[in-house]
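Asker: What follows is a single structure, and I will ask about it in a moment.
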Amino acid sequence: MSERPGPAIALPPTVHASFLVAATDLGMWSAARLFCRELSAEGGAPLVEALRDELGRDFPVLDGVAAAFGGGELQAPRAELLADALAGIDRLVVTGLEADALDALAAWLSLDVELAVLTGASALEPDWRAALTNYARPITRLPLGELQRWAGRRSALLTFLYGRDHAHAYVDSAWMRVHAPDVRVQFRALVGWNLLSQPLELYPRWLSQTALEDFSHVVGP
Amino acid sequence: MPRRPSRSLPASAIASFIQPAEIDALLERVLPDGAERAFVVRCITQEGPIHHRGSSYALLRLLGVLLDELGDEGDAVADPPGETVSVRLRLPPHMAREGDDDYPLRMPTRPLDAIEPSGDRKHAALVDCLTDGPPHHALANAAMVSLLDLAITRARAKRSRDG
């Protein structure tokens, strides 16, 4: 039985640690996009494939992004897909971090809508104070214990989905902390924003599997 | 010989008959905003214990049957529902935000006047019982009272027409 040969290109030994730092600051999906872009610019598709081979099993979202990338263009996240799900709300709490998606969301979302990010619930978290200074609009840091202060009939919860099938999706573990039965009936919309066009092919390390039924709205591919 | 415990029907048997769109259509008249209605319908039909979702669904559908039987000829000239009360979100009291701590569906109190006079402590207690408790329960109560209010209005209009 022959094994598939690995890429001949050797990545620097620090790439694993570098990606983990980037994923902590940006989110797995956003960091994967950054690495794919940069490595593609440096060495084309073979370097992206080397990255996928080397880091994919440890970071399955990176594997998914690299698989979809395939040397092509990365599509910008489309916050406008959320228009129906977020119609009429005046407060939005985002659980989990994806900088690229949050950038698009913060730019698209009406300034009349208050925006918060949940803190203290994810496996990896950035220095939120520093991270949020990059935004042109106010974004509140909301500790998990304060979540219900943002509940209301015009409030919504949003998290990112890392691929889905007909019944399940993978999410940041923060979602598992917030979608408890009491909270579910205190927010008008429970929104899953899917970022990956294909289900993950590898063990979903770092992530939690949940049912699509968790969500009142699922947007994206 | 000990009696064998009876078996419950599987939860999927209950889930199979719950059609949220049917409840959404029923509540359109009392809660016109589609997004707000979707929130209420989700709480009634998709949250809480499964037997509660099923029983609320059945009772609301039966009220829909009753409304259909009564016809809507009198709706255009019916009085507005009068006083309504809110159903509160079950938030920890220190975390509630004034003005956004209740559900969009409000419950008319007028039908309860037939049981106890408005303004009476017993009337207030009736309202309290119907709007307290878990949200899926309280919202189903509010939805049923709203539809009963409409049904009573239609029945009175029909009796008036029929002489």
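Asker: For every helix of n ≥ 4 consecutive DSSP H residues, a contribution of -39,500 (n - 2.57) applies; sum these over chain A, divide by its total residues, and give [θ] at 222 nm rounded to the nearest 500 deg cm²/dmol. Don't skip to the answer; put the middle values down first.
Answerer: Working: 7 runs with 74 residues, N = 221.
So the helix-based figure for chain A works out to -10000 deg cm²/dmol.
Asker: In terms of the Cα gyration tensor, with a ≥ b ≥ c the square roots of its eigenvalues, is the range A:79-219 rounded because a/c is under 1.5, prolate because a/b exceeds b/c, or oblate? Don't skip to the answer; put the middle values down first.
Answerer: Values: a/c = 1.37, a/b = 1.25, b/c = 1.10.
Note, shape of the range A:79-219 comes out rounded.
Asker: Here's something else I'd like to know. What is the local net charge at B:Leu89, summed over the other residues whose Cβ is closer than 11 Å to its Cβ (Lys, Arg +1; Asp, Glu -1)? The partial results should precede the final answer.
Answerer: On the way: positive: A:Arg153, A:Arg188, B:Arg88, B:Arg90, B:Arg97; negative: A:Asp182, B:Asp100, B:Asp101, B:Asp102.
Combined, the nearby Lys, Arg, Asp and Glu give +1.
Asker: Relative to the longest principal axis of chain A, what angle (0 to 90°, nearest 10) does the C-alpha long axis of helix A:99-108 take?
Answerer: Here the helix axis deviates by roughly 40 degrees.
Asker: Taking the Cα centre of each part, how many Å lie between the range B:100-163 and the range A:54-133?
Answerer: 43 Å
Asker: Further, regarding this structure: Whenever you get a sec, line up A:Tyr203, B:Tyr103 from highest to lowest accessible area (probe 1.4 Å, protein heavy atoms). Could you put the intermediate results ahead of the total?
Answerer: Details: A:Tyr203 155, B:Tyr103 0 Å².
The ranking, largest first, comes out as A:Tyr203, B:Tyr103.
Asker: Which order do A:Tyr135, B:Tyr57 take by accessible area at a 1.4 Å probe, largest first?
Answerer: Values: A:Tyr135 45, B:Tyr57 15 Å².
Listed by decreasing accessible area, they come as A:Tyr135, B:Tyr57.
Asker: Just in the range A:5-67: which chymotrypsin sites (Phe, Trp or Tyr not before Pro) are loop by DSSP and have at most 12 other Cβ atoms within 10 Å? List each step's numbers first, then the result.
Answerer: Details: sites: A:Phe19, A:Trp29, A:Phe35; in loops: none.
Here no chymotrypsin sites (Phe, Trp or Tyr not before Pro) fit, given the DSSP loop and packing criteria.
Asker: Around A:Leu212, what is the net charge, scoring Lys/Arg as +1 and Asp/Glu as -1 over all other residues with Cβ under 13 Å from its Cβ? Don't skip to the end; give the middle numbers.
Answerer: Details: positive: A:Arg164; negative: A:Asp165, A:Glu213, A:Asp214.
It works out to a net charge of -2.
Asker: Note the angle between two axes, namely the Cα long axis of helix A:60-69 and the longest principal axis of the Cα atoms of chain A, as a number of degrees from 0 to 90, rounded to the nearest 10.
Answerer: With rounding to tens, the tilt is 70 degrees.
Asker: Right, something else. Counting DSSP beta bridges with both partners in the range A:82-221, what percentage is antiparallel, nearest 5?
Answerer: Expressed as a percentage, antiparallel bridges in the range A:82-221 total about 25.
Asker: Please arrange A:His16, A:His179 by accessible surface area, largest first, computed with a 1.4 Å probe and ligands excluded. Kindly include the intermediate steps, with their values, before the conclusion.
Answerer: Values: A:His16 70, A:His179 35 Å².
Listed by decreasing accessible area, they come as A:His16, A:His179.
Asker: Another question, if that's okay. List every residue whose amide H lies under 5 Å from the amide H of B:Asp102, counting only residues 5 or more places away in sequence or on a different chain, with H placed 1.01 Å from N in the peptide plane.
Answerer: Those qualifying (amide H under 5 Å, at least 5 residues apart or on another chain) are A:Arg153, B:Leu89.
Asker: Could you tally the net charge around A:Ile89, taking each other residue with its Cβ under 14 Å from the Cβ of A:Ile89, Lys/Arg +1 and Asp/Glu -1? Before the final figure, lay out each step's value.
Answerer: Working: positive: A:Arg91, A:Arg153, A:Arg154, A:Arg188, B:Arg97; negative: A:Asp84, A:Asp90, A:Asp112, A:Glu114, B:Asp33, B:Glu36, B:Asp100.
That works out to -2.
Asker: Which whole-Hz ³J(HN,Hα) couplings does the range B:109-116 yield from phi under the Karplus relation 6.51 cos²θ - 1.76 cosθ + 1.60, θ = phi - 60°, glycine and proline marked x?
Answerer: Calculated HN-Hα couplings, in order: 9, 3, x, 6, 4, 6, 9, 9 Hz.
Asker: May I ask for the angle, rounded to the nearest 10°, between helix A:15-26 and the longest principal axis of chain A, with both axes built from Cα atoms and the value confined to 0 to 90°?
Answerer: 20 degrees
Asker: Next question, about the same structure. Name the long-range amide H neighbours of B:Val85: under 5 Å, sequence gap of 5 or more, or other chain; modelled H, no Pro or chain starts.
Answerer: Amide H to amide H, under 5 Å and 5 or more residues apart or across chains, B:Val85 pairs with B:Met107, B:Thr109.
Asker: Once you sort the root eigenvalues of the Cα gyration tensor of the protein assembly as shown as a ≥ b ≥ c, which label holds: rounded (a/c under 1.5), prolate (a/b larger than b/c) or oblate (the other case)? Write out the running numbers ahead of the final one.
Answerer: Details: a/c = 2.69, a/b = 2.17, b/c = 1.24.
Taking the square roots of the gyration eigenvalues as a ≥ b ≥ c, the protein assembly as shown is prolate.
Asker: Continuing with the same structure: If you plug each phi of the range A:175-186 into the Karplus form 6.51 cos²θ - 1.76 cosθ + 1.60 with θ = phi - 60°, what whole-Hz ³J(HN,Hα) values come out, in order, with x for Gly and Pro?
Answerer: 4, 5, 7, 9, 9, 5, x, 5, 5, 4, 9, 10
Asker: Using helices alone, what [θ] at 222 nm do you get for chain B, with -39,500 (n - 2.57) per DSSP H run of 4 or more residues, divided over all residues and rounded to the nearest 500? List each step's numbers first, then the result.
Answerer: Numbers: 6 runs with 85 residues, N = 163.
-17000 deg cm²/dmol, from helical runs alone.
The values are calculated or read from the model by the stated rules, or taken from the named source; none is laboratory data. Computed from a predicted model, the values in this text were never measured in an experiment. Positions of Cβ are generated from backbone atoms using ideal geometry, with glycine treated the same way; all protein chains shown enter the neighbour counts. Side chains included, ligands, DNA and RNA excluded: accessible areas come from the protein's heavy atoms. Shrake-Rupley method; radii C 1.70, N 1.55, O 1.52, S 1.80 Å.
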